[in-house]
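Bear in mind that the values in this text are calculations on the coordinates, not laboratory data. Because the structure is predicted, anything quoted here is derived from the model rather than measured. Quick reminder, even Gly has a Cβ in these numbers, built from the backbone with ideal geometry, and neighbours come from all protein chains shown.
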Amino acid sequence: MDNYTVYILASGRNGTLYVGLTNNLARRIFEHKQKTVPGFTRRYGVDRLVWYEHYRSIAEARQRETSLKRWRRAWKLSLVEAMNPAWDDLNDRLNA
């Protein structure tokens, strides 16, 4: 079972981006949407899940998260567009 998820949130299409890591994607996205945790995503209204990948180990997930955080913005946009060209909020799929 894949226990860790690296994800990208956006404020909107081509908006502010946030890269994160969690062991419970549904709970974490709920926290972002409810703005329960102070920080970057609450301050900038970044709560739309636009991309994610699952990993079996925390080490793999951390490595991917660190790598993505160093990527140029254009590369992140391309990554999102490949999985989610309409920039839909993928949280709706998690809760379906």
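One table, with the values for the structure above:
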| item | result |
| --- | --- |
| Listed residues Thr66, Leu21, Gly45: farthest to the positive end of the dipole of region 6-70 (Cβ charges) | Gly45 |
| Karplus-derived HN-Hα couplings along region 58-73 (A = 6.51, B = -1.76, C = 1.60, θ = phi - 60°), whole Hz, x at Gly and Pro | 5, 5, 5, 5, 5, 4, 5, 4, 4, 4, 4, 5, 8, 5, 5, 4 |
| Distant-in-sequence amide H partners of Thr16 (H built 1.01 Å from N, under 5 Å) | Ser11 |
| Long-range amide H partners of Tyr4 with built H, under 5 Å | Tyr55 |
| Ranked list, fewest to most other Cβ atoms within 10 Å of each Cβ, for Ser57, Ser11 | Ser57, Ser11 |
| Karplus 3J(HN,Hα) series, Hz, for region 83-92 with 6.51 cos²θ - 1.76 cosθ + 1.60 (x for Gly, Pro) | 8, 9, x, 8, 6, 5, 7, 6, 4, 4 |
| Overall form of region 20-74 per C-alpha gyration tensor (a/c, 1.5; a/b vs b/c) | oblate |
| Relative contact order %, the chain, counting alpha carbon pairs below 8 Å whose residues are six or more apart | 35 |
| Sparse-neighbourhood loop sites, trypsin sites (Lys or Arg not before Pro) in region 30-96 - DSSP loop, at most 11 other Cβ within 10 angstrom | Arg56, Arg72 |
| Size of charge dipole - the chain - debye, nearest 20, with Cβ of Lys, Arg +1 and Asp, Glu -1, no other charges | 400 |
| Whole-Hz couplings from phi, Karplus 6.51/-1.76/1.60, listed for region 74-81; x for Gly and Pro | 4, 5, 5, 4, 5, 4, 4, 4 |
| Spin-label zone in region 1-25 - amide nitrogen under 13 Å from a point set 7 Å from the Cα of Phe40 along the C-beta vector | 7-11, 16-21 |
| In region 1-76, the chymotrypsin sites (Phe, Trp or Tyr not before Pro) that fall in loop regions by DSSP, at most 16 other Cβ within 10 Å | Trp71 |
